[in-house]
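This report concerns only the one structure given below.
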Amino acid sequence: MPYLQLKGKAMIERSLEPSFKALLAEKDARLVLEAAERSDLDLPLVEAVHETFARAVELGHGDEDLAAVIEALGRRARA
């Protein structure tokens, strides 16, 4: 997939100039979870995605590209 190639390369190179900010990705995942809760749905994959983007934002990567999620994943792996 071209999008995967693009974001994968950005992650490897740590080239995080935003095309879609991590902060916005976190917000969108949170909104999906809120809608799911209202519909009594359990979405564990979306929960995991939200937690990871929230961690990236917490680490100071909110204004970087959503590829900055690699920073949150990298720290989790080292912890």
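The values are calculated or read from the model by the stated rules, or taken from the named source; none is laboratory data. Predicted model only: the values in this text are computed from it and were never measured. Cβ sites come from the backbone with ideal geometry, for glycine too, and all protein chains shown count toward neighbours. Please note that ligands, DNA and RNA were not included when accessible areas were found on the heavy atoms of the full protein model with its side chains. Shrake-Rupley method; radii C 1.70, N 1.55, O 1.52, S 1.80 Å.
Odds and ends about this structure:
- Selection of the stretch 44-58 for residues being open to solvent by 30 Å² or more (accessible area, probe 1.4 Å) and within 14 Å of residue 16 (Cα to Cα) yields only 57.
- Meets criteria (in contact (Cβ under 8 Å) with a residue 60 or more places away in the chain and either over 20 Å from residue 3 (Cα atoms) or surrounded by 19 or more Cβ atoms within 10 Å (Cβ to Cβ) (or both)) for residue 72: no
- Where residue 67 falls short, out of the listed (1) surrounded by 12 or more Cβ atoms within 10 Å (Cβ to Cβ); (2) in a helix (DSSP H, G or I); (3) modelled with pLDDT of 95 or more: (3)
- Flag for residue 36 being out of contact with any Ser or Thr (no Cβ under 7 Å at 6 or more places or on another chain), farther than 20 Å from residue 8 by Cα and open to solvent by less than 30 Å² (accessible area, probe 1.4 Å): yes
- Single residue of the stretch 5-26 satisfying the filter (of a type in the set (Asp, Glu) and assigned to a helix (DSSP H, G or I)) that is most open to solvent (accessible area, probe 1.4 Å): 13
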